[in-house]
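The values are calculated or read from the model by the stated rules, or taken from the named source; none is laboratory data. What you see is a predicted model; the values in this text were computed from it and never measured. Because the Cβ atoms are built from the backbone with ideal geometry, glycine has one as well, and the counts that use them run over all protein chains shown. Just the protein is used for accessible areas: all its heavy atoms, side chains included, with ligands, DNA and RNA removed. Shrake-Rupley method; radii C 1.70, N 1.55, O 1.52, S 1.80 Å.
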Amino acid sequence: MPTTNAQLAAIFHQMADLTEITGGNRFKVNAFAKSGRVLEDMTKQVSEIDPALLPKVEGIGKGTAERIAEFLETGQIADHQKLLAQVPSGLLKVMDVPGLGPKTVALLWNEVGIESIDDLKAKIETGELEALKGFGKKKIENILKNLKFAESAGDRQRIGLAYALAIMLIEDLKDLPSIEKIEYAGSLRRGKETIGDVDILVASSGTDEQKKAIFDAFVNHVAVADVIAHGDTKASVRTHEESKGMQVDLRVVAPENFGAALMYFTGSKEHNVKMRERAIAQGMSLNEYSLSKDGEPIAGATEEDVFAAMNLAWVAPELREDRGELALAESDELPKLLELADIKAELHSHTTASDGRWSIEENALGAAGRGFHTVAITDHSKGQAQANGLSEKRLVQHIEAVRKVAKKLEGTITVLAGSEVDILADGSLDYDDDLLAELDIVVASPHAALTQDPAKATKRLLKAIENPYVTIVGHPTGRIVNRREGLSPDMEAIFKAAKDRGIALEINASPYRLDLRDTHARTWVQEYGGKLAINTDAHSEDHLNNLRFGVVTARRAGATTDDVVNTMSKSTLAKWIKSTRP
DNA sequence: GCCGTTTTCGGCCCGACTGTTTTCAGTCG
């Protein structure tokens, strides 16, 4: 996300929090938060959008448009500054402590003068909090526990970790008697790159006794460190450090409610709000149990039932972000999203020649084992010395070795000799064109100088895209989820140039990368009609399992099989690669 | 503050769990 959009998004989120603490209009709070969310999702720099069109963007009205203009002109927003002046800055951190919301924080501030986390700790120590109305022993104990957690735990975790945790729990619970269905929901099901907590939903028509057994198994699971809540229909736990202390919520519902519950817990929250408003407009009401009319349930067993009863096509979870999906569902114009099984080629993978942990042949057979018709061996170029990148001389030998394996495996899988060639800081590539011409396919990726400013980054990537031998730009921004921001180039300029060249931009499927990210991929596909390449960047067999994360990211972008080069038939793919080269 | 095929004014989603309550407010998702 470009810096300005990120700054603005943060300001609007903060205005929402501050307005909440000061007891402002709660609908205004929602509106501020919505503006923040919309800004986060934008690919285009807000400064490049015609100010007259800005209020037309859903979630941004006259007020927000004016504030954005004010920020672009002066670098700050007066209303934001006014709110900041009213509320001690440390209070916002206090609100981040789980269990402490705006009402409690305001009370702590107004009644005992707590203005920061340190104040909170001190007042608990002196026992002043116990005198407050509504503050019992248990509540204070919980605050202490949550303070500790807030200090040690990170925010959201990468999807790879959350997915592994969810699958482990589901595997360990699914055979309990009376469990009819069990699925993960939440942002994990929507395929977001990071997950706040894991939601697991169970359908059961079992006895109270059997349901109790399900919850008992859950809260006593070996991965569980702490039980946060444990009721008759719902339990929440915190996991051990191996799973980064992630929170997991388990919910058990009757089978006739499973679909409505799955929708509810899959979210997003914003999508759900739109669905409920829509139900009301149609004279019905929707909750996590069913869609009902005049108090009588009319749908709930499956998601399809509920959507159909509201005259909507079923919306894939990845699209449930309140980005216009309901309008498309109403007119039955939702894209037919690509599926994991549609992927038939891996176009970016490594071997022991550079930093992979498997041979050329193991790699090729691994890809063949997944049902792929083509694999490209793309080891690192010489600039990646720490990854044992190939010198020109070694690359020539490597090409030979790949061709030998290719010949041996003829009829099993097509093996392409390629390279993941470094895009150097100035945009030149790490090998000369003469050498690149010898390869079947070139993935060009940035690896170093990932903190350069946006203007330089844009120039750098544009120069690489101009190279006639580049077929795919690999992990275009070089970001690492939750760790490194990576490049923030002018994505629109990149898209335009890549589209003109007819090359593909990669969604690197590693849960550490997911680069392009969903919002970029969405613009690339929806607005430019650009081609995506979804690659695992496999350094070993198990990395091929990451493909699912690349696919859900592409699905979040609304991508169909037509948008993704890895879904092409063998001959079409070969033709397409040729078409990108001189 | 945002929004509109019942609306440019007057609405704006819904339920479980907890802790502290003796009937409910706050938080969370």
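Give me D for the range A:1-57 in µm² s⁻¹, whole number, from Stokes-Einstein with Rh from the Kirkwood sum over alpha-carbon pairs, 10 °C and 1.306 mPa s.
Working: Rh = 11.7 Å.
The estimated diffusion coefficient comes to 136 µm²/s.
Note down the net charge around residue A:430, summing +1 for each Lys or Arg and -1 for each Asp or Glu among other residues with Cβ under 10 Å from its Cβ. Write down the numbers at each step before the final one.
On the way: positive: A:382; negative: A:392, A:420, A:422, A:432.
Residues close to residue A:430 contribute a combined charge of -3.
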> Points 7 angstrom from Cα along the Cβ direction at residue A:10 and residue A:107: gap in nanometres?
Replying inline: 3.2
> What does the charge count near residue A:280 come to, summing +1 for each Lys or Arg and -1 for each Asp or Glu among other residues with Cβ under 15 Å from its Cβ?
Replying inline: +2
> On the accessible surface of chain A, probed at 1.4 Å, how many percent belong to carbon and sulfur atoms?
Replying inline: 50
> What is the Cα centroid distance between the range A:110-140 and the range A:433-489, reported in whole angstrom?
Replying inline: 52
> On full extension of the chain, what length is gained from residue A:410 through residue A:131, given 0.36 nm per residue of separation minus the C-alpha to C-alpha distance?
Replying inline: 92.5 nm
> Under 13 Å Cα-Cα from residue A:531, which aspartates and glutamates qualify once same-chain neighbours fewer than 8 residues away are excluded?
Replying inline: A:500, A:506, A:562, A:563
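State the volume of the convex hull built on the alpha-carbon positions of chain A, expressed per residue in Å³ and rounded to an integer. Numbers along the way, then the final one.
Values: hull volume 100.7 nm³, N = 582.
Measuring per residue, one finds 173 Å³ for the Cα hull of chain A.
With the cut-off at 21 Å, tell me which of the pairs A:499/A:578; A:174/A:336; A:44/A:93; A:192/A:212; A:103/A:133; A:28/A:123 have Cα atoms farther apart than that.
On the way: A:499/A:578 16 Å; A:174/A:336 30 Å; A:44/A:93 30 Å; A:192/A:212 31 Å; A:103/A:133 13 Å; A:28/A:123 32 Å.
Going by Cα-Cα distance, A:174/A:336; A:44/A:93; A:192/A:212; A:28/A:123 fall outside the 21 Å limit.
Go ahead and run the numbers for FRET between residue A:501 and residue A:96, Cβ-Cβ distance against an R0 of 60 Å, rounding to 0.05.
Values: r = 45 Å, r/R0 = 0.75.
Once rounded, the FRET efficiency stands at 0.85.
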>> Please list, in order, the residues from the range A:185-205 whose amide nitrogen is less than 12 Å from a point placed 7 Å along the Cα→Cβ vector of residue A:222.
In response: none
>> Tell me the angle of helix A:159-173 to the major Cα principal axis of chain A, expressed in degrees between 0 and 90 and rounded to the nearest ten.
In response: 70
> So how much slack lies between residue A:76 and residue A:213, counting 0.36 nm per residue of separation and subtracting their Cα-Cα distance, in nm?
Replying inline: 43.8 nm
>> If DNA, RNA and ligands are ignored and the probe is 1.4 Å, what is the ranking of A:483, A:501 by accessible area, most exposed first?
In response: A:483, A:501
> Quick one: helix A:208-219 against the long Cα principal axis of chain A, what's the angle to the nearest 10°, folded into 0 to 90?
Replying inline: 60
>> Sorting check: for A:385-396, A:542-553, A:72-83, which peptide has the highest mean count of neighbouring beta carbons within 10 Å, and how do the rest follow?
In response: A:542-553, A:385-396, A:72-83
> Expressed as a whole number of Å, what is the distance separating the alpha-carbon centroids of the range A:264-287 and the range A:1-37?
Replying inline: 23
> When only Cα pairs under 8 Å and 6 or more residues apart are kept, what is the percent relative contact order across the range A:157-253?
Replying inline: 28
>> Per residue, how much accessible surface does chain A expose to a 1.4 Å probe? Answer in Å², no decimals.
In response: 45
> Length gain on complete extension for the stretch residue A:330 to residue A:570, per 0.36 nm per residue less the alpha carbon to alpha carbon distance?
Replying inline: 82.8 nm
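Translational diffusion coefficient of the range A:340-579 at 37 °C, 0.692 mPa s, Stokes-Einstein with Kirkwood Rh over Cα pairs, in µm²/s as a whole number.
Details: Rh = 17.3 Å.
D, rounded to a whole number, is 190 µm²/s.
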> How high is the FRET efficiency between residue A:277 and residue A:579 when r is their beta carbon distance and R₀ equals 45 Å, given to the nearest 0.05?
Replying inline: 0.45
> Dimensions of the range A:157-253 along principal axes (Cα, Å, largest first)?
Replying inline: 37, 25, 19
>> Using only the alpha-carbon atoms, how far is helix A:137-152 inclined from the longest principal axis of chain A? Give it as 0 to 90 degrees, nearest 10.
In response: 20
> How are the Cα pair distances of the range A:98-199 distributed, in percent, across 10 Å bins from 0?
Replying inline: 13, 32, 21, 23, 12, 0
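Explain nothing, just the number: relative contact order of the range A:259-330, from Cα pairs under 8 Å at least 6 residues apart, as a whole percent.
Relative contact order here is 32 percent.
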> Computed from the mean reciprocal separation of all distinct C-alpha pairs, what Kirkwood hydrodynamic radius does the range A:15-138 have, in Å?
Replying inline: 16.4
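Given chain A, what percent of its DSSP beta bridges are antiparallel, to the nearest 5?
Details: 24 of 58 bridges.
The antiparallel proportion sits near 40 percent.
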>> Give the residue list of trypsin sites (Lys or Arg not before Pro) in the range A:95-148 that are DSSP loop and have at most 12 other beta-carbon atoms within 10 angstrom.
In response: A:133
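Work through the residues other than residue A:305 whose Cβ is under 14 Å from its Cβ and net out their charges, Lys, Arg +1 and Asp, Glu -1.
Around residue A:305, the surrounding residues sum to -2.
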> Using alpha-carbon pairs under 8 Å, 6+ residues apart, how would you state the relative contact order of the range A:206-352 in percent?
Replying inline: 14
